[in-house]
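Structure record follows, encoded as structure tokens.
The values are calculated or read from the model by the stated rules, or taken from the named source; none is laboratory data. Quantities reported herein were computed from a predicted structural model and do not represent experimental measurements. With ideal geometry, Cβ positions are generated from the backbone for all residues, glycine too; neighbour counts draw on all protein chains shown.
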Amino acid sequence: MTTTLSLDMTMANILDQFPGARRALFQKFHIGGCNSCGYSPDDTLRSVLQKHSVQDPDAALDTILKFDELDRKMQIQPAELAELRKNQTTMRLVDVRSEEERSMACIEGAELLTQELFDALKAAPKDTCMVFHCHTGVRSLDAAAYFVGHGFTNVKSLTGGIDAWAQVVDTTVARY
């Protein structure tokens, strides 16, 4: 599904359609990182840009679309991940959810992201195959973007998260 991005969309709608918009706006314009530079879900992109004195709204639209394109390249579908797991023995499947979420449902072989694992992954070779997952695919996309931004070249995020995995690949995994 292709969605058109416009200045009159609400931030809630934009973040739903373009999850990387939060990172895009923060990185390029320092919008949304704290209370003083934040926005509410009902604000339009136009009003947010005006509030933060962004002079070139088209640059903001372009930035969001560029991040979205990069995000799409980092994503892997559940069936693709299942196939990759069969063929890639050195892949790291990393769960970025909380321990409480993991106790409700988990993908066999996934490693919970702890500080120790984070440090080990940062020190790994830049071509290490890593796939991140969370509940719905938003937090894992942030984690994947972090590693790509730090020079890693073989990083993916599970589209739809463990919820999609439970629907498409392994129906024995609990949905919550």
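Considering only residues that are under 26 Å from G160 (Cα atoms) and charged (D, E, K, R), which ones fall in the range 1-27? Spell out how you get there, then give the answer.
Of all residues in the range 1-27, those under 26 Å from G160 (Cα atoms) come to 1-6, 9-27.
Passing the criteria: D16, R22, R23.
Of all the criteria given as (1) part of a helix (DSSP H, G or I); (2) surrounded by 13 or more Cβ atoms within 10 Å (Cβ to Cβ); (3) at pLDDT below 95; (4) among the small types (G, A, S), the one not satisfied by G32 is (1). Scanning the range 2-58 for residues that are at positive phi and within 20 Å of the chain's Cα centre (by Cα) returns H30, G32.
Enumerate the strands (runs of 3 or more DSSP E) found wholly within the range 62-176, keeping only those where 2 or more residues are modelled with pLDDT of 95 or more and among the polar types (S, T, N, Q). Even if it seems obvious, please write down each step before you answer.
Numbers: elements: 92-95, 130-133, 155-158.
The strands (runs of 3 or more DSSP E) meeting that bar number zero.
Suppose the filter is basic (K, R) and more than 18 Å from L70 (Cα to Cα); does R139 pass it? In short, no.
Considering the range 38-83, the residues that are polar (S, T, N, Q) and in contact (Cβ under 8 Å) with a residue 12 or more places away in the chain include one that is surrounded by the most Cβ atoms within 10 Å (Cβ to Cβ), namely T63. Here L70 meets the list (1) under 26 Å from A124 (Cα atoms); (2) touching a Cys at 6+ places or on another chain (Cβ under 7 Å) almost entirely, failing just condition (2).
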